[in-house]
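> Sending over a structure as structure tokens; questions will come in a sec.
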Amino acid sequence: MNEGDAFAVNCFKHAGDNQGRSEIRRDRMNFIKRGFLGITRKKGKSLILLAVIFILGNLISGAISIQQATSNVENNIKEKLGATATLEMDWLEYEKLSMEEQENFIFEEIGVDLIEEVGGISYVKYYDYNMSTWLGSESIQSYQGEGVDEEIIHYGPSMDFQLKGINYAPVLDFEEGKGSLADGRVFTQDEVNNGSSVAIISKKLAERNNLHVGDTFTLDNVVYDYDYETGEEEIADSRDVVLEIIGVFESLLLNEDLGENNDQGMMDWLDIDYQNTIYVPNKVVSAENFFQIEYYMKDDPEYAEMVEEEGTNFDYYEPIFVLNSHEDIEAFEQEANPLLPQLYHVVSTGDHYDNIAGPVESMSTLSRYVLFAAIFATVLITGLVVLLFLRDRKHELGIYLSLGEQRGKVIGQILIEVIVVAFVGITLSLFSGNFLASQVSDTLIEADSQPGYDDMGYYYGGSIYSDLTTDDVIASYEVTLDANYVLIFYGVGLATILISTLIPLVYIVRLNPKKILM
């Protein structure tokens, strides 16, 4: 006879007198006290249950720690990447077409009407669509970087200046922090709509050529003709493009906190390219592009006839959509993709995260499997342990029931015994599991991370550049012990223990006191 049986029988022997009945009644009512006494009286069994919960709790704790860490990395990196999207042809899907399908495929261009329709989606904060062309100049010099003294010799115009057309008057690049207005102003909507000959240039380009707001400068739009006999290009036509400076911007592309893993040479090249960018209304770029096309139409009657028959529009726009939050990217894609022509799709900054987050995503997937396995193992093993303990105590439980104790209070007693021990085991595994997760995940991430093409800069439609790499993702990964993790772990841990305990408690419900005591 065990301690619990002896305690219950002792109460039963005194049932004949009033004092005994009073003790039985008090003992029946105070099932909470019995639960705590059950823990201390059966120290060996309590320690076994504690050890089981502690070991399994470490698996749950470690898995939740890694899940929390990877979730934090994803949020941090996606915030740095921003929430920007564009529309592009899906060339991978095009390559899957048969030869016949490719030959008959009709390429459609993204027009202004479609861009404005996509831009009207509720997740879009603001949007723009750009045209661009490259022009040269014999009157001003391009910026070639700091400390470059020697002159670069060009035969004819240098073609170093990118004329970038805009439709969003405040200039999207300034809104998104690629540059900031250092002097002057941005465009008015009337200037954009009318295609006024006004421009915003970089501060370094202005300093190199001693230009200021209100000055004008001249670019050269040159048309070259290829001489098949000599194999050389000759200038066939040209015209001056005179622009008035209304603003000067300063590049914010270079960041002092780039880190050792970034390609400084690549960033220098991008900065030089951006310093020679000149913002103008889209219609200015369109007019200069058409000037070149018009020459080829005059020079080649067959080409002119084809253009007139097909009614080809030579205004090729590159749309850029800035969303309210990176969390809106998926919903935006779901609404935008059905509006697009065949084989077009949305390309977003979220795609770059998928490219560079391989090691962390692998850890997240592994930890998810470990978490499910740990929960299943906890329910199974803890349930079996509790069931074995209950079978060993069936006489004690039968005596309580024969004395008139309610089954609900007997169940409550067992729940108290298990939950109290589980709370101690979970609390201990909270810290050890978090520490183990930190050590294991660091090792696995380091083994899984390998440099590749995704460590290079990434363009979105040629307009937005990200220099974030896999190293940046790994550097952001950190297993921490914060309030959110503690709440989730206690919630998952205690809920799992509760479920694993309730299943064997069906045993108590089915107990028949008469059969037990016979």
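The values are calculated or read from the model by the stated rules, or taken from the named source; none is laboratory data. Because the structure is predicted, anything quoted here is derived from the model rather than measured. Please note: Cβ atoms are built from the backbone with ideal geometry, for glycine as well, and neighbour counts cover all protein chains shown. Accessible surface areas use protein heavy atoms only, side chains included; no ligands, DNA or RNA. Shrake-Rupley method; radii C 1.70, N 1.55, O 1.52, S 1.80 Å.
> Within segment 112-124, track down each residue that is open to solvent by 30 Å² or more (accessible area, probe 1.4 Å) and either of a type outside the set (A, V, I, L, M, F, W, C) or modelled with pLDDT under 90 (or both).
Within segment 112-124, ASP113, GLU116, GLU117, GLY120, SER122, TYR123 meet the criteria.
> Exactly one of these conditions fails for PHE332: (1) within 18 Å of the chain's Cα centre (by Cα); (2) more than 23 Å from ILE110 (Cβ to Cβ); (3) not charged (D, E, K, R). Give me its number.
For PHE332, the failing item is (2).
> Go through segment 421-443 and give me each residue that's open to solvent by 50 Å² or more (accessible area, probe 1.4 Å) and of a type in the set (Val, Ile, Thr).
VAL424, VAL440, THR443 - these are the residues of segment 421-443 that are open to solvent by 50 Å² or more (accessible area, probe 1.4 Å) and of a type in the set (Val, Ile, Thr).
> Something else about it: Any residue at all in segment 79-98 that is out of contact with any helix residue (DSSP H, G or I) (no Cβ under 9 Å at 6 or more places or on another chain), over 30 Å from ALA331 (Cβ atoms), open to solvent by 20 Å² or more (accessible area, probe 1.4 Å) and not small (Gly, Ala, Ser)?
So far as segment 79-98 goes, no, none of its residues is out of contact with any helix residue (DSSP H, G or I) (no Cβ under 9 Å at 6 or more places or on another chain), over 30 Å from ALA331 (Cβ atoms), open to solvent by 20 Å² or more (accessible area, probe 1.4 Å) and not small (Gly, Ala, Ser).
> Where in segment 169-242 are there strands (runs of 3 or more DSSP E), lying fully within it, with 2 or more residues that are crowded, with 16+ Cβ neighbours inside 10 Å and of a type in the set (A, V, I, L, M)?
Per the criteria, 198-202, 216-227.
> Sort through VAL370, VAL307, VAL360 and tell me the only one that's free of Cβ contacts under 8 Å to residues at least 40 places away in the same chain, open to solvent by less than 60 Å² (accessible area, probe 1.4 Å) and farther than 21 Å from LEU114 by Cβ.
Within the list VAL370, VAL307, VAL360, the selection yields VAL307.
> Given GLY350, GLY412, GLY408, GLY398, which one is free of Cβ contacts under 8 Å to residues at least 24 places away in the same chain and of a type in the set (Gly, Ala, Ser)?
Exactly one of GLY350, GLY412, GLY408, GLY398 is free of Cβ contacts under 8 Å to residues at least 24 places away in the same chain and of a type in the set (Gly, Ala, Ser), namely GLY408.
> In segment 102-128, what count of residues is obtained for those that are assigned to a helix (DSSP H, G or I) and of a type in the set (S, T, N, Q)?
Residues meeting the conditions: 2.
> Pairs under 6 Å by beta carbon, first residue over 25 Å from ILE140 (Cα atoms) and free of Cβ contacts under 8 Å to residues at least 60 places away in the same chain in segment 187-208, partner among the hydrophobic types (A, V, I, L, M, F, W, C) and in a loop (DSSP other than H, G, I, E, B), six or more apart or different chains?
GLN189/ALA169
> Here is a further query. For segment 22-39, state whether one or more residues are farther than 24 Å from TYR369 by Cβ, modelled with pLDDT of 75 or more, charged (D, E, K, R) and not in a helix (DSSP H, G or I).
No, that holds for no residue.
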